[in-house]
Amino acid sequence: MDTAHKKNATIFKAFCDEKRLAILDLLRSGEKCACVLIDEMEIGQSSLSYHMKILCESGVVDSRQEGKWTHYRLSESGSKYAAELLVQLTTPYAEQIPDKCLN
C-alpha cells in the first residue's frame, strides 16, 4: 500500500469511533489531562490509552508528559491537514487545486 494512503487512512481511523469523537469534542475546549478524560468519558485507563494512541498516531492530537500523567490537546497542524485531506478527497479532480495532501 502507498505510504501516503496508509498515513491518510490513519487519520480517518481516528474519526471512525464514537468514543474518539467524544474525546475530540472534549479537547476542543483546551488541553486535558488523561485523568480528566477518564472521568469525563467514564472509561478505564487502558481504554483511554487505546483511543489516545490512535488519535496521536493520526496527528490530530498531541500529547505531553507531566509527572505521571499525560496531557492531550488538539494539534493545529494535524487538524488542518485532516480538514484539507477531506476536502481534497471529496472534490472531483476537475475542481481541485493541486495540493500535497495525497502526495
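A short reminder: the numbers here are calculations on the coordinates, not readings from a lab. Predicted model only: the values in this text are computed from it and were never measured. Counting neighbours? That spans all protein chains shown, and the Cβs are built from the backbone with ideal geometry, glycine included.
Details
- Residues in the stretch 52-70 that are farther than 22 Å from ALA4 by Cα and surrounded by 14 or more Cβ atoms within 10 Å (Cβ to Cβ): SER63, THR70.
- Scanning the stretch 45-62 for residues that are part of a helix (DSSP H, G or I) and either at positive phi or of a type in the set (D, E, K, R) (or both) gives LYS53, GLU57.
- Hits in the stretch 71-91 (condition: surrounded by 17 or more Cβ atoms within 10 Å (Cβ to Cβ) and either in a loop (DSSP other than H, G, I, E, B) or among the charged types (D, E, K, R) (or both)): SER75
- Residue match in the stretch 4-27 (condition: acidic (Asp, Glu) and in contact with a Lys or Arg (Cβ under 7 Å, 6 or more places away or on another chain)): no
- Within the stretch 3-44, helices (runs of 4 or more DSSP H) holding 2 or more residues that are closer than 21 Å to LEU85 by Cα and of a type in the set (Ser, Thr, Tyr): 3-15
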